[in-house]
Amino acid sequence: MNGYDWAAIKAKYEPLLPYVGTNEDLYDLGNAMIGEMSSSHTGVSGPPTRTMPQLYTTRFLGFDLEPAEGKYRINHIYRDGPADKEWLDLKVGDYVLAIDVRNNTGGNIDEQLLDIIERRPYMFTNSRSGARTWGRRPRQAIAGPKVMMINQRSFSDGEATPMGFRTLGLGRIVGTPTAGGVIWTGSYSLINGGSVRTPSQLAVTYDPTKPNNYGINLENYGVPPDVWGQSTTTSPFS
């Protein structure tokens, strides 16, 4: 709770309950109350009072790629898909130059991602024909120098990842400091079908030189870059 008196915060906001008329009012009140703790990844959400049309959502990029000139080129954009947006300004023939943790708003894949990034080649098993690189082991590895790009829109697991990248000594970090919101939360159901997210676990770097191997608490920290570079909110495609 970051040292805040939760009972006192409740007493401050409880008199406003009689003025709640919709689900949205309740969510606003709850979020204002929880916001007093200055903790990320928290809040109240749930079903609206009035049903709204479902928005289009997808896990996919919305375009197809083909190898070209040592890079990947967009050869098809799906109409009305997530890539077919005026503000992205993507066109067939554009090249995908980067997919960084810059503008990454979080998740929980830092372990899997860092596991791949830190792999080192250790053997070749080559046949008589074919490219030498085909037999490199491990096959799923990124060999060579590595750079990770971040900015102020890198959030949550998008901050844990570059911090792990630095701790493991995998390369340099370029950009501007991350947002500073890294914490694990738990959810609790409300009687109207909504939910409340509250803090449950802190995220601390591993540092064998410190007591309990606890290093830096990433909440409200903001991972700094090794090399400062101009932040951008533009698309990583050109």
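The values are calculated or read from the model by the stated rules, or taken from the named source; none is laboratory data. Nothing here was measured: the structure is a model prediction, and the numbers come from that model. Don't worry about glycine lacking a Cβ; one is built from the backbone with ideal geometry, like all the others, and counts go over all protein chains shown.
Can you pull out every residue in segment 64-99 that is acidic (Asp, Glu), loosely packed, with under 10 Cβ neighbours inside 10 Å and closer than 23 Å to residue 147 by Cβ?
69, the sole residue that qualifies.
Answer yes or no: is there a residue in segment 138-161 that is hydroxyl-bearing (Ser, Thr, Tyr) and touching a strand residue (DSSP E or B) at 6+ places or on another chain (Cβ under 6 Å). So that I can check it myself, show each step before the final result.
To start, the set of residues in segment 138-161 that are hydroxyl-bearing (Ser, Thr, Tyr) comprises 154, 156, 161.
Filter once more, keeping what is touching a strand residue (DSSP E or B) at 6+ places or on another chain (Cβ under 6 Å): none.
No, that holds for no residue.
Scan segment 23-56 for residues that are polar (S, T, N, Q), under 14 Å from residue 190 (Cβ atoms) and not in a helix (DSSP H, G or I) and report the count.
At the first step, the residues of segment 23-56 found to be polar (S, T, N, Q) are 23, 31, 38-40, 42, 45, 49, 51, 54.
Imposing the further condition that a residue be under 14 Å from residue 190 (Cβ atoms) reduces the set to 23, 31, 45, 49.
Then drop every residue that is not not in a helix (DSSP H, G or I), which leaves 45, 49.
Summing the residues that are polar (S, T, N, Q), under 14 Å from residue 190 (Cβ atoms) and not in a helix (DSSP H, G or I) in segment 23-56 gives 2.
Is it the case that segment 108-130 has a residue that's among the basic types (Lys, Arg), more than 25 Å from residue 39 (Cβ to Cβ) and loosely packed, with under 11 Cβ neighbours inside 10 Å?
Step one: of segment 108-130, the residues among the basic types (Lys, Arg) are 119-120, 128.
In the following step, the residues that additionally are more than 25 Å from residue 39 (Cβ to Cβ) were identified as 119-120, 128.
Next, from what is left, pick out any that are loosely packed, with under 11 Cβ neighbours inside 10 Å: 120, 128.
Among the residues of segment 108-130, at least one is among the basic types (Lys, Arg), more than 25 Å from residue 39 (Cβ to Cβ) and loosely packed, with under 11 Cβ neighbours inside 10 Å, which makes the answer yes.
Which one is farthest from residue 179 (Cα to Cα) among residues in segment 102-136 that are at pLDDT 90 or above and among the aromatic types (Phe, Trp, Tyr)?
124
Could you list all residues from segment 161-206 that are out of contact with any Lys or Arg (no Cβ under 9 Å at 6 or more places or on another chain) and without any contact (Cβ under 8 Å) to a residue 12 or more places away in the chain?
Within segment 161-206, 169, 189, 191 meet the criteria.
Is it the case that segment 180-198 has a residue that's over 30 Å from residue 26 (Cα atoms) and assigned to a loop (DSSP other than H, G, I, E, B)?
So the first thing to find is which residues in segment 180-198 are over 30 Å from residue 26 (Cα atoms), and the list is none.
No, because not a single residue in segment 180-198 is over 30 Å from residue 26 (Cα atoms) and assigned to a loop (DSSP other than H, G, I, E, B).
Taking segment 199-213, which residues are exposed (fewer than 11 other Cβ atoms within 10 Å of the Cβ) and closer than 27 Å to residue 44 by Cβ? Walk me through it before giving the result.
Keep residues of segment 199-213 that are exposed (fewer than 11 other Cβ atoms within 10 Å of the Cβ), which gives 201, 208-209, 211-212.
Across segment 199-213, the qualifying residue is only 201.
From the set of residues in segment 148-202 that are of a type in the set (Phe, Trp, Tyr) and touching a Ser or Thr at 6+ places or on another chain (Cβ under 8 Å), which is modelled with the highest pLDDT?
Selected residue: 155.
Answer with yes or no whether residue 124 is closer than 28 Å to residue 68 by Cβ and not β-branched (Val, Ile, Thr). It would help to see each step written out before you state the result.
On the way: closer than 28 Å to residue 68 by Cβ: yes; not β-branched (Val, Ile, Thr): yes.
Yes.
Go through segment 86-112 and report how many residues are in a helix (DSSP H, G or I) and in contact with a helix residue (DSSP H, G or I) (Cβ under 6 Å, 6 or more places away or on another chain).
Going through segment 86-112, the residues in a helix (DSSP H, G or I) turn out to be 110-112.
Those left that are additionally in contact with a helix residue (DSSP H, G or I) (Cβ under 6 Å, 6 or more places away or on another chain): 110.
Residues flagged as in a helix (DSSP H, G or I) and in contact with a helix residue (DSSP H, G or I) (Cβ under 6 Å, 6 or more places away or on another chain) within segment 86-112 amount to 1.
From the residues in segment 13-37 that are loosely packed, with under 13 Cβ neighbours inside 10 Å and in contact (Cβ under 8 Å) with a residue 12 or more places away in the chain, which one is nearest to residue 219 (Cα to Cα)?
Step one: filter segment 13-37 for residues loosely packed, with under 13 Cβ neighbours inside 10 Å, giving 14-15, 17-19, 21-22, 35.
From what's left, in contact (Cβ under 8 Å) with a residue 12 or more places away in the chain: 17, 22.
On the way: 17: 31, 22: 33 Å.
Once the filter is applied, the top-ranked residue is 17.
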